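The values are calculated or read from the model by the stated rules, or taken from the named source; none is laboratory data. None of these values were measured; they are calculated from a predicted model. All Cβ positions, glycine included, derive from the backbone under ideal geometry; neighbour counts span all protein chains shown. These area figures cover heavy atoms from the full protein model, side chains too; ligands, DNA and RNA do not enter into them. Shrake-Rupley method; radii C 1.70, N 1.55, O 1.52, S 1.80 Å.
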Protein chains: 2
Amino acid sequence: MPRRVDHDERRRHLTAALLRIASTRGLQAVSMREVAAEAGVSLRVVQYYFTDKRTLMLSGIAELAARLDRRVRERAAAIGTGLPPRTVFEVVLGAILPTDEASRADQLAWTAYYAAGLTDPAEAVDGRYAPDALERWLTGVLQRAVDAGEVPAGVDPRIEVVGLLALTNGLVSSVLGQQRDVADAQRVVAYRLDRLFGAAGD
Amino acid sequence: MPRRVDHDERRRHLTAALLRIASTRGLQAVSMREVAAEAGVSLRVVQYYFTDKRTLMLSGIAELAARLDRRVRERAAAIGTGLPPRTVFEVVLGAILPTDEASRADQLAWTAYYAAGLTDPAEAVDGRYAPDALERWLTGVLQRAVDAGEVPAGVDPRIEVVGLLALTNGLVSSVLGQQRDVADAQRVVAYRLDRLFGAAGD
DNA sequence: CCTTTCGTGGTACGACTGTATCCCCATAGA
DNA sequence: TCTATGGGGATACAGTCGTACCACGAAAGG
């Protein structure tokens, strides 16, 4: 047999190159030749490790979903359990906002994939990566806060969580579009959480 | 002189065809030939009325901005002045949500343009169409409600409005992605407004 | 040794793209 | 009636796209 190559490592390298292009020049700038050039390999290599362009694109979104999921999960793990619900929300929602260059790039690529999936059913984000799980988890956290009376009466945990996630997503959009900076977005989230958990002035 | 043609009308026709393609098959499916076919004319005609592809695309986003702006403005005018702030917010935010097929199509196209503008500075949405004006207007409305004591204490009108617009945008995304239906989105908005204006159970 | 097979460079093909060019026709002003 | 001109049909061109194909080097198994 000839020399063996770590296919997974090779694929990760190419996928990273793809996402670098997608986040800087957009998804429509992604061609097999461009990915090859960005990764410093020949067109043939891209063809070899991803037979299709479709396969290549799917690999991109899979990696992206994994990254975003990891970002939230890592921060959630870092703070352990038994923390005040307010802190949980602050950390989780804060992990969604594009605070550094890396997360901003990922969110840009994610938005590109999302928009493409709206009209091109082929490479639909399929959403089903985490939003549901995240929504359920946070709803549970808030529900327990309600049961413990740590939150003003009349709060509907499900709707409140849906609203918070939508709010965060909307803020992500405006941050990416540079209509607002991250600090502003964090302030809006913090304000909403203050109002929800009754911290300081409410 | 040969027969004169209404250039503006011709351009509107072509722009409508462009947006029809963008909202159904995506922005990347928009080519001069496709627009020509969708409009039932020859490629030359598209070239004639929009010299560039860039010009064509710009016309698309201009029309889109005008439509979205008109939708909000019409509903705002229909309810006149002097209405309770809560109603104003309900109508304006409700006008942003994609309730019928037409507004859904426009929001799809808008999202496509927005995503494209994030990485392709050329055809950037440039945002400056209305969001600022809308934000200022609503902030004024809410500020007056605060001054009149129609709203719980401690409410920051600016941040509250920014949050409501981000929330609505986030909901639009999830509705377009079919993770939620419009009724659900409207319910979330109504819930937030209830909490803000203290209607019913709060 | 030879041979099989993995990994890869190079290149060619057909289908698209935006843009440019050439030509004709119908009509309004002379 | 003649003619200049706005409107548009048809086609060509250079470029890029995804994909397919061919050939070759190198290394491992017989």
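What to note about this one:
- Ligands, DNA and RNA left out, the accessible area of segment A:7-197 computed with a 1.4 Å probe is 50% carbon and sulfur.
- Heavy-atom accessible surface that B and A bury in contact, both chains counted, 1.4 Å, Å² to 100: 3100 Å²
- Residues in segment B:28-59 occluded by at least 20 Å² - accessible area, probe radius 1.4 Å, against chain by itself: B:28
- Legend: helices of chain B (whole DSSP H runs) are marked when their alpha-carbon atoms reach 15 angstrom or more along the helix axis and their mean Kyte-Doolittle hydropathy is at least 0.5; marked are B:85-96, B:157-176.
- Quarter of the Cα convex hull surface for segment A:39-138, i.e. its orientation-mean projected area (nm²): 7.9 nm²
- Threshold 40 Å², segment A:152-173 residues less accessible with all protein chains present than alone (1.4 Å probe): A:159, A:160, A:162, A:166, A:167
- In nanometers and ordered shortest first, the copy-to-copy spacing of the residue B:71 label point, defined 7 Å from Cα toward Cβ, is 2.8.
- The protein assembly as shown, helix-only ellipticity at 222 nm - DSSP H runs n ≥ 4, -39,500 (n - 2.57), divided by all residues, nearest 500: -23500 deg cm²/dmol
- Shortest-first nm distances, residue B:54 label point to equivalent points in other copies (7 Å, Cα→Cβ): 3.5
- One Cα centroid belongs to segment B:141-202, the other to segment A:35-112; the line between them spans 30 Å.
- Column: log10 I(q)/I(0), Debye, Cα scatterers of chain B, q = 0.09, 0.12, 0.13 Å⁻¹: -0.43, -0.69, -0.78
- Across chain B, C-alpha contacts under 8 Å between residues 6 or more apart give a mean separation that, scaled by the residue count, equals a relative contact order of 20 percent.
- Cα-based Rg / Dmax (Å) for the protein assembly as shown: 23.3, 83
- In this simple spin-label approximation, residue B:77 and residue A:51 carry label points 7 Å from Cα along the Cα→Cβ vector, and these lie 5.8 nm apart.
- As a rough guide to protection, the peptides B:17-29, B:96-108 ranked by mean Cβ packing within 10 Å, highest first, stand as B:17-29, B:96-108.
- Mean per-residue shielding of peptide B:112-118 is 6, counting Cβ atoms of other chains within 10 Å of each Cβ.
- Accessible surface computed residue by residue for the protein assembly as shown, with neighbouring protein chains in place and a 1.4 Å probe, gives 50 Å² per residue.
- Overall, the protein assembly as shown carries a charge dipole of about 1220 debye about its Cα centre when +1 sits on the Cβ of Lys and Arg and -1 on the Cβ of Asp and Glu, all other atoms neutral.
- FRET efficiency, 1/(1 + (r/R0)^6) with R0 51 Å, evaluated for residue B:24 and residue A:70 via beta carbons: 0.90
- Distances from residue A:33 to itself in the other copies, using label points 7 Å out along the Cα-Cβ axis, amount to 1.8 nm in increasing order.
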